[in-house]
Amino acid sequence: MLLSYLPILIMIGFVSFMGLAVLFVSYLFRPSNPYPEKLTAWECGLAPIGEANQGHFRVHFFVIAILFVIFDVETLFLFPWATLLGDKSISVFLFVEMLVFVVVLAAGLVYAWAKGALEWI
Amino acid sequence: MPDITTIIAVIIMVVKVVVVTQVIFSLPMPLTWIERKIAGHIHVRLGPMRVGPHGILQPLADTIKLLFKEDITPAKADKFLYKIAPLVAMVPAFAVFVAIPFGGEFIVPFTDKVFTLYISDMNVGILYVLAIGGLSIYGIILGGWASNSKYALLGGLRSSAQMISYEVALSFAAIGVVMMTNSLSLVDMVKSQGDWFWQWNILYLPVGPVWFVIFMIASLAEINRIPFDLPEDEGTLAAGYHTEYSGMRFSFFMLYEYVAMVTVSCLAVVMFFGGWSAPIDFREFEVLTPITSISWIYGLFGIFWFVSKVAVFIYFFMWIRFTLPRYRYDQLMTIGWKILIPISIFNILLTGLMRIWA
């Protein structure tokens, strides 16, 4: 059981090693000639105004993120249900139960839609 | 002290991981060449022709060029996050391949040992692929934010908003396939599809093709390719989240994008097109019985079919890239939330009814 998860650790370790090794080889060869103009952020050739990472962005990105959390957690509830659906003895019961759940999920989507959370402009 | 079979199993595992990683790591090189050639021929020109015959050594030249490029870190950037972000994007894209089955299993000749052509048959396969594949978003948004550049920040935000929006549709498509196959393991998913092409999930009528279309649209958005490559929209955002990157760190982001393309092609093959199984069941023909009875040939034959099907999908993604224009951002959000998700919810109910009555 646990042995089937061991390759994930090996894979992550090996890929990180490969990435760092490539960066090290690049470090041996590449030039390093920084000067202040080169190290400014690119803004069409003008001097950058203000700090970009203070986080001035549309709040709508945040609304989308909240909607994602709600819907993705709900899809996670559907996964165990989907694996059991082939079992004939309980499939009708499971289906009706999930029908209620999916209708609640759809009602949430309709509410978000009606409130304009899905409108981008 | 673990026993000898466990040690051998771990050694085989390490060898498989190393081989798969090396193949995937070097795969973007031929893919960039193929992509530029396809672009050239679709645009009625030749594509790369100078370096080697038909430009076949072009990716090698590009790699050497990227290796010798200066690694620029903007003065105002968050140094640590800026340097680590490309690795955060790249490593999960590789880790996904632990669960993907490239072929079935066969008996090693002259022994009674079974050799599997996948690294690990996890019982949570598809869930693992979706979860780890989603981690790459962290690399993109960290890279975009840490650059301290407005283009990079907006590119990173757009990218993450787009990817999480379509992640929901992608999960729904995965649920649809799980409902049809009753297993989360990718190996079981392939095995539950038949050996003839009309038994594949794509032809599980009428819901199979709908799930496939939802999956393809969502995965196109997940891998940031045209028509959904808004994060790298050069008309409005310069290069998006990797505007400030150069040299090897830039190429790690490119590597991530190509590996992600291979991943979704593999997933499409495993989930809808029967994985490693051939379109027709060769074992049913009397003439071929001597070949199919030697099961290791049949096992390796599976890899051939798997790679061919994946190649078709990779060509399809490249073909789309040079055929379709780009969507606007509000159109992208409309497609994700107002079209794909309602269709998915309806389709889940339809698939459930089919499973009850079928």
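A compact table of results
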item: Residue in segment B:326-342 that is touching a Phe, Trp or Tyr at 6+ places or on another chain (Cβ under 7 Å), part of a helix (DSSP H, G or I), surrounded by 14 or more Cβ atoms within 10 Å (Cβ to Cβ) and away from every other protein chain (no Cβ under 12 Å) present; result: no
item: Options B:LYS65, B:LYS16; residue that is part of a helix (DSSP H, G or I), within 26 Å of the chain's Cα centre (by Cα) and at negative phi; result: B:LYS16
item: Pairs, first over 24 Å from B:ALA99 (Cβ atoms) and more than 7 Å from every other protein chain (Cβ to nearest Cβ) in segment A:12-35, second at pLDDT 90 or above and surrounded by 10 or more Cβ atoms within 10 Å (Cβ to Cβ), C-beta under 7 Å, six or more apart; result: none
item: Selection from segment A:76-86 of residues that are touching a Leu at 6+ places or on another chain (Cβ under 8 Å) and not in a helix (DSSP H, G or I); result: A:LEU85
item: Count of segment B:308-319 residues which are of a type in the set (Val, Ile, Thr) and surrounded by 15 or more Cβ atoms within 10 Å (Cβ to Cβ); result: 2
item: One residue from B:LYS65, B:LYS83, B:LYS69, B:LYS79 being among the basic types (Lys, Arg), touching a helix residue (DSSP H, G or I) at 6+ places or on another chain (Cβ under 7 Å) and closer than 30 Å to A:THR40 by Cβ; result: B:LYS69
item: Of all residues in segment A:76-92 being at pLDDT 85 or above and farther than 11 Å from B:MET179 by Cα, the one that is farthest from the other protein chains (Cβ to nearest Cβ); result: A:PHE77
item: Every pair of residues 6+ apart whose Cβ atoms lie under 9 Å, when the first sits in segment A:57-70 and is over 16 Å from B:GLY134 (Cα atoms) and touching a residue at least 60 places away in the same chain (Cβ under 8 Å) while the second is of a type in the set (A, V, I, L, M, F, W, C) and outside any helix (DSSP H, G or I); result: A:HIS60/A:ALA117; A:HIS60/A:TRP120
item: Residues of segment A:50-73 satisfying the condition of being within 14 Å of B:ILE164 (Cα to Cα) and more than 8 Å from every other protein chain (Cβ to nearest Cβ); result: A:HIS60, A:PHE62, A:VAL63, A:ILE66, A:VAL69, A:ILE70, A:VAL73
item: Meets criteria (in contact (Cβ under 8 Å) with a residue 12 or more places away in the chain and over 23 Å from A:PHE68 (Cβ atoms)) for B:TYR245; result: yes
item: Residue in segment A:94-108 that is surrounded by fewer than 16 Cβ atoms within 10 Å (Cβ to Cβ), more than 30 Å from B:SER185 (Cα to Cα) and more than 7 Å from chain B (Cβ to nearest Cβ) present; result: yes
item: Hits in segment A:15-49 - residues which are among the β-branched types (Val, Ile, Thr), closer than 23 Å to B:LYS65 by Cβ and either modelled with pLDDT under 85 or surrounded by fewer than 16 Cβ atoms within 10 Å (Cβ to Cβ) (or both); result: A:VAL25
item: Single unsatisfied condition, B:LEU205 versus (1) closer than 21 Å to B:ILE356 by Cα; (2) surrounded by 18 or more Cβ atoms within 10 Å (Cβ to Cβ); (3) more than 13 Å from chain A (Cβ to nearest Cβ); result: (2)
item: Given (1) part of a helix (DSSP H, G or I); (2) more than 12 Å from chain A (Cβ to nearest Cβ), number of the condition B:ILE7 does not satisfy; result: (2)
item: Residue within segment B:88-98 that is closer than 30 Å to A:PRO7 by Cα, of a type in the set (Phe, Trp, Tyr), in contact (Cβ under 8 Å) with a residue 24 or more places away in the chain and not in a helix (DSSP H, G or I) present; result: no
item: Verdict on B:ILE42 being touching a Leu at 6+ places or on another chain (Cβ under 8 Å), touching a residue at least 12 places away in the same chain (Cβ under 8 Å) and of a type outside the set (D, E, K, R); result: no
item: Answer from B:THR323, B:THR351, B:THR334 - the residue that is modelled with pLDDT under 90 and closer than 15 Å to B:PHE212 by Cβ; result: B:THR351
item: Search result, residues across segment B:126-148 that are under 24 Å from B:ALA75 (Cα atoms) and part of a helix (DSSP H, G or I); result: B:TYR138, B:GLY139, B:ILE140, B:ILE141, B:LEU142, B:GLY143, B:GLY144, B:TRP145, B:ALA146
item: Qualifying residue in segment B:184-193 (condition: in contact with a Lys or Arg (Cβ under 6 Å, 6 or more places away or on another chain) and among the polar types (S, T, N, Q)); result: no
item: Which listed residue is touching a Phe, Trp or Tyr at 6+ places or on another chain (Cβ under 8 Å), at pLDDT 85 or above and acidic (Asp, Glu), from B:GLU167, B:GLU105; result: B:GLU167
item: Qualifying positions in segment B:114-123 - assigned to a loop (DSSP other than H, G, I, E, B) and either farther than 19 Å from B:VAL178 by Cβ or more than 9 Å from every other protein chain (Cβ to nearest Cβ) (or both); result: B:LEU117, B:TYR118, B:ILE119
item: Hits in segment B:300-325 - residues which are of a type outside the set (A, V, I, L, M, F, W, C) and not in a helix (DSSP H, G or I); result: B:THR323, B:PRO325
item: Close pairs from segment B:57-78: first over 14 Å from A:LEU39 (Cβ atoms) and within 14 Å of another protein chain (Cβ to nearest Cβ), partner of a type outside the set (S, T, N, Q) and not in a helix (DSSP H, G or I), Cβ under 8 Å, at least 6 apart; result: B:LEU67/A:ARG30; B:PHE68/A:ARG30; B:PHE68/A:PRO31; B:LYS69/A:ARG30
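The values are calculated or read from the model by the stated rules, or taken from the named source; none is laboratory data. Computed from a predicted structure; not experimentally measured. Because the Cβ atoms are built from the backbone with ideal geometry, glycine has one as well, and the counts that use them run over all protein chains shown.
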